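Everything on this sheet refers to the single structure shown next.
The values are calculated or read from the model by the stated rules, or taken from the named source; none is laboratory data. All of these numbers come straight from a predicted model, not from anything done at the bench. All Cβ positions, glycine included, derive from the backbone under ideal geometry; neighbour counts span all protein chains shown. All accessible areas refer to the heavy atoms of the entire protein, side chains included, with ligands and DNA or RNA removed. Shrake-Rupley method; radii C 1.70, N 1.55, O 1.52, S 1.80 Å.
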Amino acid sequence: MTLPPVLSELVAYFEPLSTIRRDFRGAVTLHTPGVNVLALNSTFVPDADLDRLPLVAAWHHAQDMPAVVAATVPLPGEEVGAVRVGSYHPQPDTGVIVVEQVSRLALPGWAAVLAEAHGTPEWAGALARHLAPRLEGDRGAALLTAYAGGEAVGALLWRASPDGAGGAHLWGTLDPAADAPLLNAAHTLGSGLRASLPDTSPLEVADEVTVTYRRLDGPGRPGPETTGIS
């Protein structure tokens with residue numbers, strides 16, 4: 001049993017940024033304490049097998065973490081995030097937003113924009129500290145920052161993929177006008193671009209598949225906040 005291609009794609013993108021990978025009955029768990037990125041603290045499940053879920057939840061709880069699962073099929077639990085994953089093609093923009101590739105030295109500011117864009121500015125420092133050693137020397141990764149009038153309004157992590165294209169599954173903007181320019185810039189870094197779009201985004205991707213993150217144990221169980229970056 002293997003994960004659907006779109007979930008395998010997300011795991012391949014996020015695993016180098018995670019602390020632990022665990023494989024269990026066809027599911028893959030990425031576990032990254034101290035970071036509020038949903039994909040880095042979720043179990044990706046290949047199907048709707050309900051017998052697997054209690055065992056997955058038990059493992060998460062043993063780590064003192066909420067049991068969050070990512071899937072392309074309906075599952076029980078409280079939805080805490082959803083993205084539309086597919087092939088992104090450049091879309092029109094006004095030309096007002098400027099996008100630049102920034103060095104690892106700019107990571108604290110980049111992380112501050114990303115965390116604020118997802119409504120969790122208090123996580124910026126922890127995110128920057130976590131990513132710094134994992135991105136050091138990684139030639140297959142690039143940090144992009146979008147600017148409006150000199151003010152940073154968007155952040156995106158591009159990662160190369162084996163097929164020569166690239167992925168943009170970790171990004172966010174403070175102004176929707178920066179979405180297309182930021183993704184357009186990421187598209188130029190490879191021979192194509194696979195991207196995750198928030199389910200509320202007006203932008204489009206081809207061959208779209210929706211990935212939903214659900215918390216199995218519901219909102220009543222004590223544990224770390226599950227409102228995070230998705």
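Give the residue, chosen from 115, 111, 106, that is open to solvent by 10 Å² or more (accessible area, probe 1.4 Å) and more than 26 Å from residue 164 (Cβ to Cβ).
106
Given the criteria assigned to a loop (DSSP other than H, G, I, E, B), outside the structural domain of residue 142 (by the TED database), in contact (Cβ under 8 Å) with a residue 12 or more places away in the chain and under 22 Å from residue 143 (Cβ atoms), does residue 11 qualify?
no
Residue-wise test of (1) basic (Lys, Arg); (2) touching a residue at least 12 places away in the same chain (Cβ under 8 Å); (3) in contact with a Pro (Cβ under 7 Å, 6 or more places away or on another chain).
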| position | (1), (2), (3) |
| --- | --- |
| 79 | no, yes, no |
| 84 | yes, yes, no |
| 91 | no, yes, no |
| 97 | no, yes, yes |
| 101 | no, yes, no |
| 105 | no, no, no |
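If you check residue 128 against the conditions, is it in a helix (DSSP H, G or I), open to solvent by less than 40 Å² (accessible area, probe 1.4 Å), touching a residue at least 40 places away in the same chain (Cβ under 8 Å) and among the small types (Gly, Ala, Ser)?
When the stated conditions are applied, residue 128 does not pass them.
Identify the single condition in (1) part of a strand (DSSP E or B); (2) surrounded by fewer than 22 Cβ atoms within 10 Å (Cβ to Cβ) that residue 134 does not satisfy, given that it satisfies every other one.
Among (1) part of a strand (DSSP E or B); (2) surrounded by fewer than 22 Cβ atoms within 10 Å (Cβ to Cβ), the lone unmet condition for residue 134 is (1).
Give the range 154-168 a look and list any residue that's assigned to a strand (DSSP E or B), open to solvent by 10 Å² or more (accessible area, probe 1.4 Å) and of a type outside the set (Lys, Arg), or say none.
Correct list: 158, 160.
Name the residue that is farthest from residue 118 (Cα to Cα), counting only residues in the range 7-35 that are open to solvent by 10 Å² or more (accessible area, probe 1.4 Å) and polar (S, T, N, Q).
By that ranking, first place goes to 8.
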